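The values are calculated or read from the model by the stated rules, or taken from the named source; none is laboratory data. In this text the structure is predicted, and so the values were computed from the model without any measurement. Every residue, glycine as well, gets a Cβ built from its backbone with ideal geometry; the counts of neighbours run over all protein chains shown.
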Amino acid sequence: MIDFKNENEVVKKLAEIKAKNLPHMTIEQFSKMEPFFKQEIEKATDEEKKDIIDHLYHFYRSEGENKCIFSEEYPSLTWGLRHGTGVDTKTGLSWECYHYFNINGKRHRFERTFQYHPDCYEV
C-alpha cells in the first residue's frame, strides 16, 4: 500500500490510476446491483434521471470486488462526519454509503458503498 503521508507517492499513484481511465458508475450498472432501483428508475422524469446520472458519475464503477483503487485492499470503513459517508481507516479516503434519489417525486435511499472516481481526487 502507498504511504498517504508521502505527497510524491500519492501524486504518482493518482496519475497511474487516472491513466487507466476507470469507468464511472452509471444508471445501467446501478440497476444491475439494485433490483428496486431498476424498477423505480423507469418512473423517473428526465430531470430526475439527469440528477441521478450527475450523482453517480462521481463514483468508480467497480467490476466485482469493491476494493480500494489506491490500496487494492478492502476498505475498513468507519462513519465520517457527513451523513452516509464512510472513511477508510487505512487510507483516510471517503466512500459514499447512502445515495438519495428523487424518483417520480419521491425521495428514495439506496445503500451501496462506492469509492469516489479518481477524477474526483486532486493533490
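For the range 18-45, the set of residues classified as under 15 Å from Arg112 (Cα atoms) and not in a helix (DSSP H, G or I) consists of His24, Met25, Thr26, Glu34, listed by residue number. Taking into account only those residues within the range 45-71 that are of a type in the set (Asp, Glu) and at pLDDT 90 or above, which is surrounded by the fewest Cβ atoms within 10 Å (Cβ to Cβ)? The selected residue is Asp46.
For the range 93-123, how many residues are over 15 Å from the mean Cα position of the chain (by Cα), closer than 20 Å to Ala15 by Cβ and not acidic (Asp, Glu)? So the count comes out to 1.
Elements of the type strands (runs of 3 or more DSSP E) sitting completely within the range 54-118 and holding at least 3 residues that are in contact with a Ser or Thr (Cβ under 7 Å, 6 or more places away or on another chain) and free of Cβ contacts under 8 Å to residues at least 40 places away in the same chain: these cover 85-88, 94-103.
Annotation for the range 59-75: at least one member residue is farther than 14 Å from Asp119 by Cα, under 15 Å from the mean Cα position of the chain (by Cα) and among the polar types (S, T, N, Q). Only one entry in His117, His99 is over 19 Å from Lys5 (Cβ atoms), touching a Leu at 6+ places or on another chain (Cβ under 7 Å) and surrounded by 15 or more Cβ atoms within 10 Å (Cβ to Cβ), namely His117.
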